Amino acid sequence: MTAMDVYLLILGDHLPNPCTGEEVSQADRLRAMVEQAVVAEEAGFAGVAIGEHHFTRYIVSAPELLLAAVAARTSTLRLSTGVTLLAHRDPVLVAEALATLDVLSDGRAELIVARGVDQQTDAAFGVQPGELRARFEEHLRLLLKLLEEPSVSWDGRFRGQLSEVTTTPRPVQTPRPTVWIGSGSAVSADLGAELEMPLMLPSTLRDPSMYSDVVQRYRERFPGGRVGVPSHVFVAHEDARERWRPHLAEYARFADPWRGDGDIDVDAIMDGAAVCGTPEEVAQRLNTLAEQLSIDTHLVMVDIGGMPHESVIETIRLFGAEVLPKLV
């Protein structure tokens, strides 16, 4: 068993294979994500985190439904969103969905909650400019209260009044399932420390070391807190960079549109934000990153940029067999 928990992170981009031009159906793409999570448990991963997006080529808009499908086919895997856009959701419904997943999975459910920064999503869900942070904080405080207390009264600015309500079902885990705060900002990290929540850093294609000051600030305010980081990862015994290069470039153009239409410096990404190489090289990079940021949980994102499902499964299995045992 490794000292560091490793989760499989699935955001679910629905992009064509840049090598062949082939694009699978949305149905096949969603089913493949469930299958990847099942294989991750077999490979020794501690959990899976499935992201939430709207109106984009990330096609998972209801991660709790995919996690319920995963729950039915697994027995040990922790089941987390990655992330839940809490400012755009009714915290009562989020509490009910999380508790339902917790009951169905015998106490394996988790959440990673974050504000989200997409203006189209904000507008579609009625979030007014300038109120995103305040809405997120109010929803978060209410969510934790609903998960922990059987009778809740509430009168807030953004969520309608509640009078002695009890959300059902009640979670299996006590005092509540784990709820991570997803953030790279000092303000949200301070909120997480105040509420004694674990901190999950953002999953952007940027070198995680840029968040070292935020992590240090969080640890000073909450010495017992856990810190997690996501990384885009590909592992192979031979030609790892060449095999991954077209898929990483395809994904980078999609995920970071501000890079423009010019050439993507894939090697710079692989040397910084992403991790690619042999099992030994990948393990060394992940261990170094964990030491630099005092990381105890790592979210590994394998499936990006139209990678064939068979290649994703092969990578997950290889990671489990030859990288996980080397993580310390």
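Quick test for you: out of Gly184, Gly160, Gly126, pick the one residue that is on the phi > 0 side of the Ramachandran plot and modelled with pLDDT under 95.
Gly126
Does the range 88-100 hold any residues that are open to solvent by less than 10 Å² (accessible area, probe 1.4 Å) and out of contact with any His (no Cβ under 6 Å at 6 or more places or on another chain), and which are they? Explain how you work it out, then say what you get.
Filtering the range 88-100 for residues open to solvent by less than 10 Å² (accessible area, probe 1.4 Å) gives 91, 94-95, 98-99.
Hits for the range 88-100 are Val94, Ala95, Leu98, Ala99.
Which residue pairs have Cβ atoms closer than 7 Å, lie 6 or more positions apart in sequence or on different chains, and pair a first residue in the range 144-162 that is among the basic types (Lys, Arg) with a second residue that is open to solvent by less than 30 Å² (accessible area, probe 1.4 Å) and not in a loop (DSSP other than H, G, I, E, B)?
Correct list of pairs: Lys145/Val152; Arg157/Glu138; Arg159/Pro91; Arg159/Glu138; Arg159/His139; Arg159/Leu142.
Can you find, within the range 1-18, the residue that is modelled with the highest pLDDT among those that are in a loop (DSSP other than H, G, I, E, B) and over 15 Å from Asp303 (Cα atoms)?
Checking each candidate, the answer is Met4.
Regarding the range 286-309, can at least one residue be identified that is within 26 Å of Ser25 (Cα to Cα) and open to solvent by 30 Å² or more (accessible area, probe 1.4 Å)?
The answer is yes; a qualifying residue exists.
Can you tell me which of Thr56, Thr74 is among the polar types (S, T, N, Q), open to solvent by less than 20 Å² (accessible area, probe 1.4 Å) and in a loop (DSSP other than H, G, I, E, B)?
Exactly one of Thr56, Thr74 is among the polar types (S, T, N, Q), open to solvent by less than 20 Å² (accessible area, probe 1.4 Å) and in a loop (DSSP other than H, G, I, E, B), namely Thr74.
May I ask you to say which residue of Val328, Val312, Val266 is modelled with pLDDT under 95, farther than 20 Å from Asp207 by Cβ and among the aliphatic types (A, V, I, L, M)?
Val328
Quick one: how many residues across the range 132-189 are aliphatic (A, V, I, L, M), open to solvent by less than 50 Å² (accessible area, probe 1.4 Å) and over 19 Å from Leu111 (Cβ atoms)? Spell out the reasoning first.
Initial filter on the range 132-189 (aliphatic (A, V, I, L, M)): 132, 134, 140, 142-144, 146-147, 152, 162, 165, 172, 179, 181, 186-187, 189.
Subset that is open to solvent by less than 50 Å² (accessible area, probe 1.4 Å): 132, 134, 140, 142-144, 146-147, 152, 162, 165, 179, 181, 186, 189.
Next cut, over 19 Å from Leu111 (Cβ atoms) only: 134, 162, 165, 186.
Summing the residues that are aliphatic (A, V, I, L, M), open to solvent by less than 50 Å² (accessible area, probe 1.4 Å) and over 19 Å from Leu111 (Cβ atoms) in the range 132-189 gives 4.
Does the range 23-42 hold any residues that are surrounded by 13 or more Cβ atoms within 10 Å (Cβ to Cβ), farther than 15 Å from Ser75 by Cβ and small (Gly, Ala, Ser), and which are they?
Correct list: Ala32 only.
The values are calculated or read from the model by the stated rules, or taken from the named source; none is laboratory data. Please read all numbers here as calculations on a predicted model, not as lab measurements. Heads up, the Cβs are rebuilt from the backbone with ideal geometry, glycines too, and the neighbour counts pull from every protein chain shown. Surface accessibility is based on the protein's heavy atoms, side chains included, excluding ligands, DNA and RNA. Shrake-Rupley method; radii C 1.70, N 1.55, O 1.52, S 1.80 Å.
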